[in-house]
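Working notes for the structure below.
The values are calculated or read from the model by the stated rules, or taken from the named source; none is laboratory data. Note that the structure is a prediction, hence the values are computed from the model and not measured. Cβ atoms come from the backbone with ideal geometry, glycine included; neighbour counts cover every protein chain shown.
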Amino acid sequence: MIEVAEVFRRFAADYLSAHGASMLPSHRRAIEDILDCRTAALGGQVWRCETCNTEVFSYHSCGNRSCPKCHTAQTQEWLERRQTELLPVPYFHITITVPAELRTVLRANQRDGYGALMQACAAAITELARDPRYVGGTVAVLAVLHTWTQQLSFHPHVHCLVSGGGISKDATAWHPARRKFLVPIKALAKLVRGKLRAMLRQKRPDLVIISDAAWRKPWVLHVTAWGNGEQAVLDYLARYVFRVALTNARIVGLNDQTVTIQYKERKTGRRRTCRLSGDEFMRRFLQHVLPRGFHKVRYFGLWHPAQRHNAARVRQMLQLQAPPEPGPPPELVLPSPEQVGAEPMPPIEPRICPHCHQGRLVFIRTLSRHTPRQAMAP
């Protein structure tokens, strides 16, 4: 399998020579981390097989959120925590896409622009849902920012998981949503657009949006009812929360000049390939690296940290009202690495020798980190 790190080893030096002077620190850090991931540079452990005496080296992961080899264990831990917070109600999946006229502005002002976009989406959803014509209560919203298409083009959009119902203003009653309807799509699109414009004016009055078309044209929104069942919600979380722009499995070709990636054509569902120059691949990949410390997953409404007490009350109330389920409770089925868009993480403590497949591996020693990589010259 061709890895992103392999592509970086081939093209990163030339890319840095051409663009390093203007490169964001987060982009430079992503290159360094991905190159070092699961190598001796980050240290690790040495194990020896009791049967064939083969030594096995297990190196540490970089933990960079843009790295396709990390986050499987982190994803599983996060999903287990979310299992205790889910409400036993139907859910809706809302996708909100930024029009092309605004993308350049957001890319040039990522921290403020992305933050305002996520806040505007959640605020519009919760405001409309509070309307007694629709839900009549405060819904729970989990928002996840994505910025890519399958071909790594810049395409910022927000995925929102929304509870199919909300808590009343006095926090004493639960108002369920209709089975296939949460809020009107056109009204939601218009409200998101207006809230984002107001937030950008407030946060960044210096920003100049050249084209007024972004504030006039209809925004693209999709609302899908996900039905009952906590497992359906976990499937959603696995698909979106820790996904990275490109997994190693989608890189199908590499030579001295180009990289070929595989993608799924949206309209037909067919697998296609796209060949990019090394420089263009680096540019497309790095444009999806988020600013350091930016939270791409955020909680609003009933899931906001300030509303945890109300969320716990609603969860208890709904569980008491639900009819008892026959048989033992279902086990939590964690997603596979392919579902979350990450590569399998080697076990912290290997057990069976990968060479003879018989002997048990015994810990020998710890490998210290190598001297940190010298800063790459621009």
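Per-residue answers, yes or no, for (1) touching a helix residue (DSSP H, G or I) at 6+ places or on another chain (Cβ under 6 Å); (2) of a type outside the set (Val, Ile, Thr); (3) outside any strand (DSSP E or B):
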| site | (1), (2), (3) |
| --- | --- |
| Tyr114 | no, yes, yes |
| Glu127 | no, yes, yes |
| Val144 | yes, no, no |
| His157 | no, yes, no |
| Leu161 | yes, yes, no |
| Gly166 | yes, yes, no |
| Lys169 | no, yes, yes |
Subject >> Options Phe294, Phe285, Phe281, Phe242: the member that is at pLDDT below 90, outside any strand (DSSP E or B) and within 25 Å of the chain's Cα centre (by Cα) >> reply: Phe242
Original post:
Has the range 36-52 got at least one residue that is buried (at least 16 other Cβ atoms within 10 Å of the Cβ), assigned to a strand (DSSP E or B) and among the small types (Gly, Ala, Ser)?
Top reply: yes
Original post:
Of (1) assigned to a helix (DSSP H, G or I); (2) loosely packed, with under 14 Cβ neighbours inside 10 Å; (3) free of Cβ contacts under 8 Å to residues at least 24 places away in the same chain, Lys186 satisfies all except one. Which?
Top reply: (3)
Original post:
Only one residue in Arg275, Arg197 is touching a Ser or Thr at 6+ places or on another chain (Cβ under 9 Å) and surrounded by 14 or more Cβ atoms within 10 Å (Cβ to Cβ), so which one is that?
Top reply: Arg275
**OP:** Would you be able to tell me the number of residues in the range 144-161 that are modelled with pLDDT of 95 or more and either more than 20 Å from the chain's Cα centre (by Cα) or crowded, with 20+ Cβ neighbours inside 10 Å (or both)?
**Re:** 5
Original post:
Does Ser211 satisfy being closer than 24 Å to Tyr240 by Cα, assigned by TED's automatic domain parsing to the domain that holds Glu127 and of a type in the set (S, T, N, Q)?
Top reply: no
